[in-house]
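**Student:** Sending over a structure as structure tokens; questions will come in a sec.
The values are calculated or read from the model by the stated rules, or taken from the named source; none is laboratory data. Computed from a predicted structure; not experimentally measured. When we count neighbours, we look across all protein chains shown, and the Cβ atoms used for this are built from the backbone with ideal geometry, even at glycine.
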Amino acid sequence: MSYYAELGLTKEPFSTSPDPAFFFRSSSHAQALARLEIAIRLRRGLSLILGEVGTGKTTLARTLLANFPQEDGFAFHIVLDPSFESEYQFLLHLCRVIGIRSSPKSTLDCREAIEHHLFQSGVTEGKTTVLLIDEGQKLSLDMLENLRVLLNYETNEYKLLQVVIFAQMELLSRIRRLRNFMDRVALKYIINPLSEEETAEMIRYRLLLAGGTEGQSLFAPAAIAAIHRFTQGYPRQIALLCHNALEAAVMHERREVDDALIGELIRDESRWVHEAIA
């Protein structure tokens, strides 16, 4: 039997997969999501969402997609990993992602094909094309320059391509070197880690979604405080530590996770990291 069933839950509460159903809307995440929806619906062009590893950028991207369920007039496309060896490979991939069936032979051909597609889709058909790019810190200067060119395609009223880049903080220093690119950022938002109160709310929220009850207490307040101190409020680390804590609680036949158990897990993790480095 799965560990979560032993605790009266119906599903895994602390998976680290980017499942929109388990997306906890902290104040930072909720504001980012709301501002993204507005920017896309107003066709502002380029949005940039930044955050350190494990702050929930990928889950935010999936939740954004889920917030436009089969809406007419919106065509979403996603690039999960923009690691390409050349401008041409990058642009050719974009052609395929947005549904261009021809095979352009050069960078210029790709740009022309994308421009034609965007005008056909945006002006003739009245659709809004949205390109989501995850792991945006992997975008090279050449690729950023090509995105800048694509963002130049517009009518008198709106941009024909809406681009949302989700990236680690390191991308910011790179795009600051491209003045013409930075000038096109309509929305720039940095996702912050969770506070201790939000950490507690996230844990309660996920337990309820996994079949828990309002009166059920699987984590003592001192345990939640210890979780926040160790993870510094990063959602992915919170989920991972909570998963390990519930698993350990079942193995030791405990009905509640206390700060002592969290301390044991943290020491084990530190020992493992030290041995791996050594």
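**Student:** Go through region 111-138 and report how many residues are closer than 28 Å to GLU170 by Cβ, touching a Phe, Trp or Tyr at 6+ places or on another chain (Cβ under 7 Å) and part of a helix (DSSP H, G or I).
**Tutor:** Of the residues in that region, 1 qualify.
**Student:** Identify the single condition in (1) among the hydroxyl-bearing types (Ser, Thr, Tyr); (2) within 30 Å of THR16 (Cβ to Cβ); (3) surrounded by 14 or more Cβ atoms within 10 Å (Cβ to Cβ) that SER121 does not satisfy, given that it satisfies every other one.
**Tutor:** Just one mismatch for SER121, condition (2).
**Student:** Identify all residues within region 54-107 that are out of contact with any Asp or Glu (no Cβ under 8 Å at 6 or more places or on another chain), in a helix (DSSP H, G or I) and in contact (Cβ under 8 Å) with a residue 60 or more places away in the chain; write none if there are none.
**Tutor:** Across region 54-107, the qualifying residues are LEU60, LEU65.
**Student:** Looking for whichever is β-branched (Val, Ile, Thr) and within 20 Å of the chain's Cα centre (by Cα) here; the options are ILE262, ILE227, ILE266, ILE191. Which one fits? Even if it seems obvious, please write down each step before you answer.
**Tutor:** Values: ILE262 fails: within 20 Å of the chain's Cα centre (by Cα); ILE227 fails: within 20 Å of the chain's Cα centre (by Cα); ILE266 fails: within 20 Å of the chain's Cα centre (by Cα).
Answer to the check: ILE191.
**Student:** Go over the candidates ALA5, ALA21, ALA34 one by one and state the one that is more than 21 Å from LEU241 (Cα to Cα) and over 12 Å from the mean Cα position of the chain (by Cα).
**Tutor:** Matching residue, one of ALA5, ALA21, ALA34: ALA34.
**Student:** Name the residue that is surrounded by the most Cβ atoms within 10 Å (Cβ to Cβ), counting only residues in region 211-227 that are farther than 13 Å from GLU196 by Cβ and touching an Asp or Glu at 6+ places or on another chain (Cβ under 9 Å).
**Tutor:** LEU218
**Student:** Considering each of ARG43, ARG62, ARG96, ARG101 in turn, give the residue that is surrounded by 17 or more Cβ atoms within 10 Å (Cβ to Cβ) and over 22 Å from SER27 (Cβ atoms).
**Tutor:** So the residue among ARG43, ARG62, ARG96, ARG101 that is surrounded by 17 or more Cβ atoms within 10 Å (Cβ to Cβ) and over 22 Å from SER27 (Cβ atoms) is ARG43.
**Student:** Have a look at ASN146, ASN156, ASN152, ASN180 and point out the one that is in the same structural domain as VAL53 (by TED's automatic domain parsing), modelled with pLDDT under 90 and either closer than 19 Å to GLU115 by Cα or within 17 Å of the chain's Cα centre (by Cα) (or both).
**Tutor:** ASN156
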